[in-house]
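The values are calculated or read from the model by the stated rules, or taken from the named source; none is laboratory data. Note that the structure is predicted; figures quoted are calculated from it, not measured. Methodologically, a virtual Cβ is constructed for each residue, glycine included, from the backbone with ideal geometry; neighbour enumeration extends over all protein chains shown.
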Amino acid sequence: MAMVDDAPCDTGESESIDGASGTQVIKVTLRLPVTHAVVLASRARVADVSQGTYVARLIDGTPAQPRAPNHTQAVAALMASTDRLAALSADLNAFMRLLGRTPRSELEPYRASIRSLACDVRVHLASAAALVAALRATRGR
């Protein structure tokens, strides 16, 4: 009751609510017709979030988007690709160390191209790791 009494009244103005700012979670009961309750449960399940999170996002004006049907396979493929690139990166670094032991100047073009490729792989791995982390975080459960 104290929270309700202290809450500002709704003046009809739509203000953005920062869901991350409040860490306290309370239970709210909604009375809905059966058909709406079924639709809510179904849409929250399709979006792979809880019903509370789904309703909170609707209030925020950012409804949870349904996940692509192949989301799990896409994440698995991205992780497998990233693992292969990480192994390639390790092999490239080992090859660079081997080339470093050979003092011949004619190897310098190869060193430069492999250095560039290794750098590109590292950049990709960093962005792919961030993407995988973001994809896992959107699962909600």
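In the stretch 71-121, the qualifying residues are those that are of a type in the set (Ser, Thr, Tyr) and more than 30 Å from Arg45 (Cβ to Cβ), and the one that is surrounded by the fewest Cβ atoms within 10 Å (Cβ to Cβ) is Ser105.
Consider the stretch 2-41 and keep the residues that are closer than 30 Å to Thr72 by Cα and surrounded by 11 or more Cβ atoms within 10 Å (Cβ to Cβ). The one that is modelled with the lowest pLDDT is Gly19.
Pairing each residue of the stretch 113-141 that is modelled with pLDDT under 80 with any residue that is among the basic types (Lys, Arg), provided the two are 6+ apart or on different chains, yields C-beta distances under 9 Å for Thr138/Arg67; Arg139/Arg67.
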